[in-house]
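Visitor: Take a look at the following structure, please.
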Amino acid sequence: MKRFSKKYPNWSKDKIIKEVEKYIAPSNGKYASGHMTGGAIDLRLLKNGKKVPMKSSKLTYQENAKSFQPKLPQYIQENRSMMFAALKKAGLSNYPKEYWHWSYGDIWWAKRNKKKTAIYGVIKNIS
Ligand SMILES: [Zn+2]
């Protein structure tokens, strides 16, 4: 936010927030990122402490980010399938636009699992 206000000193706080939220999820409010609740985590697969390939250098960032991406080589799809199966079995839910983003108990998890309520929400500013 500071970077934007320095670069665009004439922008209002609301305009800056709107611009910043094009790149990152809101930190509060009804549609805040599940990360802000403790109900979401970004994950990847490791084998013996080393990163397992989860994306292709031949695809764009956006193409790689999609959880279901048929353009990926078969071995990468299999790596993702292994991770997805384990996390789904544990009750987590994936944000389909980011293969690495998984939730349990946040509003997005509740919505994807057709739950009436979420377990975790954003704590309002207490300072
Ligand atoms: Zn995330």
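Visitor: Consider the stretch 34-43. How many of its residues are surrounded by 14 or more Cβ atoms within 10 Å (Cβ to Cβ) and touching a helix residue (DSSP H, G or I) at 6+ places or on another chain (Cβ under 9 Å)?
Guide: Matching residues across the stretch 34-43 total 6.
Visitor: Is the stretch 59-76 home to any residue that is within 12 Å of the ligand (Cβ to nearest atom), aliphatic (A, V, I, L, M) and in the same structural domain as Lys115 (by TED's automatic domain parsing)?
Guide: yes
Visitor: Out of the stretch 1-56, which residues are within 16 Å of the ligand (Cβ to nearest atom) and among the aromatic types (Phe, Trp, Tyr)?
Guide: Tyr23, Tyr31
Visitor: Another question, then. Give me the pairs, please: first residue somewhere in the stretch 87-113 and more than 22 Å from Glu63 (Cα to Cα) and in contact (Cβ under 8 Å) with a residue 24 or more places away in the chain, second residue anywhere and away from the ligand (no atom under 13 Å from the Cβ) and among the aromatic types (Phe, Trp, Tyr), beta-carbon distance under 6 Å, and either six or more positions apart or on two chains.
Guide: Filtered contacts from the stretch 87-113: Gly105/Tyr120; Asp106/Tyr120.
Visitor: Kindly indicate which of Pro70, Pro26 is surrounded by fewer than 11 Cβ atoms within 10 Å (Cβ to Cβ), within 30 Å of Lys115 (Cβ to Cβ) and of a type outside the set (Asp, Glu).
Guide: Answer to the check: Pro70.
Visitor: Quick check, is Lys18 outside the structural domain of Ile123 (by TED's automatic domain parsing), within 25 Å of Gly121 (Cβ to Cβ), surrounded by 11 or more Cβ atoms within 10 Å (Cβ to Cβ) and of a type in the set (Lys, Arg)?
Guide: yes
Visitor: Suppose the filter is of a type in the set (Asp, Glu) and more than 20 Å from Asn113 (Cα to Cα); does Glu98 pass it?
Guide: No; evaluated as a whole, the condition is false for this residue.
Visitor: Separate question: Could you grab the pairs with beta carbons closer than 8 Å, sequence gap of 6+ or different chains, first residue in the stretch 27-46 and within 20 Å of Leu87 (Cα to Cα), second one more than 7 Å from the ligand (Cβ to nearest atom) and of a type in the set (Asp, Glu)?
Guide: Gly34/Asp106; Thr37/Asp106; Gly39/Asp106; Ala40/Asp106
The values are calculated or read from the model by the stated rules, or taken from the named source; none is laboratory data. Note that the structure is predicted; figures quoted are calculated from it, not measured. Backbone-built Cβ (ideal geometry, glycine too); neighbour counts: all protein chains shown.
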